1. Scanning segment 14-43 for residues that are more than 12 Å from the chain's Cα centre (by Cα) and hydrophobic (A, V, I, L, M, F, W, C), which turns out surrounded by the most Cβ atoms within 10 Å (Cβ to Cβ)?
2. Anything in segment 84-110 that is modelled with pLDDT under 90, more than 20 Å from the chain's Cα centre (by Cα) and crowded, with 16+ Cβ neighbours inside 10 Å? List them, or say none.
3. Any residue in segment 78-93 that's among the hydrophobic types (A, V, I, L, M, F, W, C): show its pairings with residues that are surrounded by 12 or more Cβ atoms within 10 Å (Cβ to Cβ) and part of a loop (DSSP other than H, G, I, E, B) at Cβ separation under 6 Å, as long as the two are six or more apart or on different chains.
4. Spot the failing condition for residue 71; the list is (1) farther than 18 Å from residue 41 by Cβ; (2) open to solvent by less than 30 Å² (accessible area, probe 1.4 Å); (3) within 18 Å of the chain's Cα centre (by Cα), and only one is missed.
5. So which pairs qualify, if the first residue must be in segment 170-184 and touching a residue at least 12 places away in the same chain (Cβ under 8 Å), the second must be not in a helix (DSSP H, G or I), the Cβ gap must be under 8 Å, and the two must be at least 6 apart or on different chains?
6. Among the residues of segment 44-60, is there at least one that is over 14 Å from residue 193 (Cα atoms), open to solvent by less than 10 Å² (accessible area, probe 1.4 Å) and assigned to a helix (DSSP H, G or I)?
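The values are calculated or read from the model by the stated rules, or taken from the named source; none is laboratory data. This is a predicted model, so every value here is computed, not measured. Positions of Cβ are generated from backbone atoms using ideal geometry, with glycine treated the same way; all protein chains shown enter the neighbour counts. Ligands, DNA and RNA are excluded from the accessible area calculation, which covers all protein heavy atoms including side chains. Shrake-Rupley method; radii C 1.70, N 1.55, O 1.52, S 1.80 Å.
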Amino acid sequence: MIAVITGDIINSRNESAEKWLPNLKTILSSINSSPKYWEIFRGDSFQIETKVEDAFLFSLRIKASIKQISGLDVRLAIGIGTKSFDAKTITESNGEAFINSGYAFDKLLKRQSIAMKSPWYDIDEEFNIALSLGLLTMDHWTANSAEFVSASIEHPKSTQKDLGKILDISQAGISKRGKRSGFEEIMKLEQHYRKKINRKINQP
């Protein structure tokens, strides 16, 4: 069982690729260092294979990375399932996870930037509703909020004081960014996703 995230950059034509492409390459390569498991194609589209339990966290990382560039955002579709054909490149591989990711991506509404499709209807129903609510906050992250989210995910054990040093802002500023980004609530959703997914994967 794997997860495949299919995505593209929203408003990519409004900015030079030099502004967002390095961010995208850096975040994808940090998620999976092997080029076999991620690829950028058609200019601003991309696909990456991940562990199922990490798929939502990695989607948050991708979104936060791109939204640090003002005016840009991403569409992301998480597909969960089996992998029946393992090719030299991810775009040539196939299986249930790839089909589900493509299906979810095709069904993305203009007003919803993240969706998921798995073999489990109850999981899809619950988390697509939860995502639509979470995106009311995530879609409105400023560049500063996105930067805070990225730093917080990449340094999970850091205190507010530590994050302040990383981002070169005051502890009070860190606190404000945390509240504005809805980070605590979004990470509760991430933990809930991880718990539910692990239970589904490991059930007899």
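1. The selected residue is 38.
2. Within segment 84-110, 93 is the sole residue that qualifies.
3. As it stands, the answer is 80/118; 85/93; 87/93, since those pairs meet every condition given.
4. Every condition holds for residue 71 apart from (2).
5. 177/169; 180/142; 181/141
6. No, segment 44-60 contains no residue that is over 14 Å from residue 193 (Cα atoms), open to solvent by less than 10 Å² (accessible area, probe 1.4 Å) and assigned to a helix (DSSP H, G or I).
For every residue, the table says whether it meets (1) outside any helix (DSSP H, G or I); (2) open to solvent by 60 Å² or more (accessible area, probe 1.4 Å).
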position	(1), (2)
157	yes, yes
173	no, no
176	no, yes
180	no, yes
185	no, yes
189	no, no
192	no, yes
196	no, no
199	no, yes
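Per-residue answers, yes or no, for (1) under 17 Å from residue 67 (Cβ atoms); (2) aliphatic (A, V, I, L, M):
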{"site": "135", "(1), (2)": "yes, yes"}
{"site": "140", "(1), (2)": "yes, no"}
{"site": "146", "(1), (2)": "yes, yes"}
{"site": "156", "(1), (2)": "no, no"}
{"site": "159", "(1), (2)": "no, no"}
{"site": "163", "(1), (2)": "no, yes"}
{"site": "169", "(1), (2)": "no, yes"}
{"site": "184", "(1), (2)": "no, no"}
